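See structure below.
The values are calculated or read from the model by the stated rules, or taken from the named source; none is laboratory data. Fair warning: this is a prediction, and the values are worked out from it, not measured in the lab. FYI the Cβ positions are ideal-geometry reconstructions off the backbone, even for glycines, and counts take in every protein chain you see. For accessibility, only protein heavy atoms count, side chains too; no ligands or nucleic acids. Shrake-Rupley method; radii C 1.70, N 1.55, O 1.52, S 1.80 Å.
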Amino acid sequence: MGVGTVELSVAPARARRSTGMLIGLGVFLLLAATQAYSISISTPDRDMGHLQKIMYVHVPAAWNMMIAYFIVAIASLRYLWKGREKDDLLAAAAAETGALMTGLTLALGMIWGKPTWGIWWTWDARLTSTAVLFFIYVGYLILRAFVDDPDRRAQWSAAVGLLGALNVPIVYMSVRWWRTLHQVQSSPSTLDPNYTLSLRINAIAVMIVVLFFIRHRYQTMQLEAAADAMHERIALGDRGGINA
Amino acid sequence: MTWRDEWRRVQAIVWKDLTTERRSKAGINAVVFMGVLILLLFGFALGPDTEALRAAAAGALWLAILFSGVLAFNRSYQLELDGGALESLLLYPGSRWAIYVGKLIANLVFVLIVEAIVIPVALVLYQVALPPGWPALIGVTVLGTVGFVTLGTFYAAMSSRSRAREVLLPLLLFPMLIPVLLSAVEASTSLLGGDPMLEAGAWVRLLGAFDIIFLVASLLAFEYVIEV
């Protein structure tokens, strides 16, 4: 009875899967290439030696997590305004990717901090506010995991996503007043030119990875939502459910 | 709907919530006891050294308030849900924000009563002498509590209706409250020491800004959260 419908939507999903895999392969080859390029052209840093190369992932991850959180905020706002499921799924996909990038930033920062500062962790402003940001968005993802009804989940997580975004500058300000060891950001004028170029191309490569992750999770979530709707239809004897 | 009507709704909800609490006293007893217990636990964890306790007093007190107060927020919706009363509340005419403001004020009164008991106990347990500028300390406490209750009441509207509500509320709420915790603790510590660096003012402004921003944001977003 409902089997025909299921069969129908599997074919485009398969096609999308192979496109996704091709894009993914390309994205990761690009990242591998920019990493290989930067590692080979940049000379060892005077103080940090080859450790400096962690920068090519740590800094791009930190920049791109902000892009991901910006997408969460915009998509959440749009969801509350227009009420379309797409925007909710986009916000969720961006929050997952953003939390991943924040985790990566923190982990790499710790690995970098141990040999250069001599400590894994310090209660410095930027470190602490990044950790808080991580917990705010992990909270967002946990909320999503604990709520089953799709409409409710969408409304609630949009509100939580917006309030979280609103808190980012306040958290940053408060922690900065509280503590300040992380070096001030380097700017192109303080950075050796070949570092600047390497950093920029890696930032772009990581951004493409982030956009790929968001796109991929977004599509997966759309498929999951479609599958749920289909199960509901079948369970109701193909007469269409409350959402049909 | 005029503002007067909305205000009467707010008053009705405040009265209803506080009366329920006054008649059972189950919530307030448990929360006060929890707060004092946490103060005691911090005393054991930090050791009996008076100087160390005094230095950590503001931080321990605020954590005791956060950890015990958070138990109250889910309860304020749970009582409605148990009786199926939230639906009726939503069916009554009037704005959704009136429900939020009513619950916010009731929770604020609740937490302030808890603080009125827990703070003197903390002063005694940690042997803190009140400085001459103690009214400013009350101001900081009230501002910090408003920020805490604003977000607590808002997030509890969600967590109380989800699975695993007891876990979800602190997970959502505490990371958001870090600016409140930081500024309340820093301002209190500095005021307890007589505010020699005159730094309490900046923290108080941050607290005020936090309260206003999240009060407005919660008022605007509450409608979306409560109607599903």
Problem set entry | Subset of the range B:158-177 [more than 9 Å from every other protein chain (Cβ to nearest Cβ), assigned to a helix (DSSP H, G or I) and open to solvent by less than 10 Å² (accessible area, probe 1.4 Å)] | B:169
For this session: Would you check if there is a residue in the range A:160-177 being within 14 Å of chain B (Cβ to nearest Cβ), outside any helix (DSSP H, G or I) and surrounded by 17 or more Cβ atoms within 10 Å (Cβ to Cβ)?
Result: no
Exercise. What are the residues in the range B:183-205 that are of a type in the set (A, V, I, L, M), within 11 Å of chain A (Cβ to nearest Cβ) and surrounded by fewer than 23 Cβ atoms within 10 Å (Cβ to Cβ), if any?
Worked result: B:185, B:202
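Would you tally the residues in the range B:20-51 being over 19 Å from the mean Cα position of the chain (by Cα) and either open to solvent by 60 Å² or more (accessible area, probe 1.4 Å) or within 18 Å of residue B:103 (Cα to Cα) (or both)?
First, pick out the residues of the range B:20-51 that are over 19 Å from the mean Cα position of the chain (by Cα): B:23-24, B:40-51.
Filter once more, so that each one left must be either open to solvent by 60 Å² or more (accessible area, probe 1.4 Å) or within 18 Å of residue B:103 (Cα to Cα) (or both): B:23-24, B:40-41, B:44-46, B:48-49, B:51.
So the count comes out to 10.
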Problem set entry | Any pair with Cβ under 8 angstrom, 6 or more apart, that starts in the range A:140-162 at a residue that is at negative phi and ends at one that is β-branched (Val, Ile, Thr) and not in a helix (DSSP H, G or I) | A:149/B:228; A:151/B:228; A:152/B:228; A:153/A:147; A:155/B:228; A:156/A:147; A:156/B:228; A:157/A:147
Problem set entry | residue B:110 vs. criteria in a helix (DSSP H, G or I) and in contact with a Gly (Cβ under 9 Å, 6 or more places away or on another chain) | yes
